[in-house]
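Undergrad: For reference, the structure I am asking about is given below.
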């Protein structure tokens, strides 16, 4: 039985329910990451005994599942675009925006599909964008491909943000500090492709990089959807 199927305990003099528990857990994770979330810490935030929480959640993994489902409500747009490409684009960008608001989400993306109401709604919206345009197996592979890109790109961006905080160096500061070493290594002539990328490549911000890569992935999906000669 999943956490969504299991009934909550009867009322108690000190009000408590899954909604309050999840809100407290999300707040803790927003402040200190997933490592800041435990049944004991959530209980303390709610001024409740830890054992009371086990009437609502059986494991910390269930708590994480509930937290992810809560945030997935932020991903669904008010209206689904009729165009499949725009629908997937909107979902991808809204997923990135949710992860930037809740960085811990990046650590939980790409796991088993969410079975909560919001997770199922996100999955339904994603599949519905392509439903009827091609066979179901092609739809599944396309959705997996877009999802893999979105998850990977978000994790990379969040990792960069964490590195900036951990080191106290912005990306630009890190590049300046690493510049002498990189210059010496490129001068050996052993890395010609990397040298061209460093000297001739255009530096873009994270949002532009994400959007560009997403469009290339959607181009690949469009090519699969196009009638084959």
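The values are calculated or read from the model by the stated rules, or taken from the named source; none is laboratory data. Here the structure is a predicted model, which means the values were calculated and not measured. Cβ sites come from the backbone with ideal geometry, for glycine too, and all protein chains shown count toward neighbours.
Undergrad: Could you please find all residues in the range 76-116 being under 19 Å from residue 155 (Cβ atoms) and in a loop (DSSP other than H, G, I, E, B)?
TA: 102, 103, 104, 109, 110, 111, 112, 113, 114 - these are the residues of the range 76-116 that are under 19 Å from residue 155 (Cβ atoms) and in a loop (DSSP other than H, G, I, E, B).
Undergrad: So if I check each of 182, 143, which one is at pLDDT 95 or above and either assigned to a helix (DSSP H, G or I) or touching a strand residue (DSSP E or B) at 6+ places or on another chain (Cβ under 7 Å) (or both)?
TA: 143
Undergrad: Exactly one of (1) under 18 Å from the mean Cα position of the chain (by Cα); (2) at pLDDT 95 or above; (3) within 29 Å of residue 134 (Cβ to Cβ) is unmet by residue 113. Its number?
TA: The one condition residue 113 does not meet is (2).
Undergrad: Now for a separate question. Find the residue count for the range 185-215, including only residues that are surrounded by fewer than 10 Cβ atoms within 10 Å (Cβ to Cβ) and in a helix (DSSP H, G or I).
TA: 4
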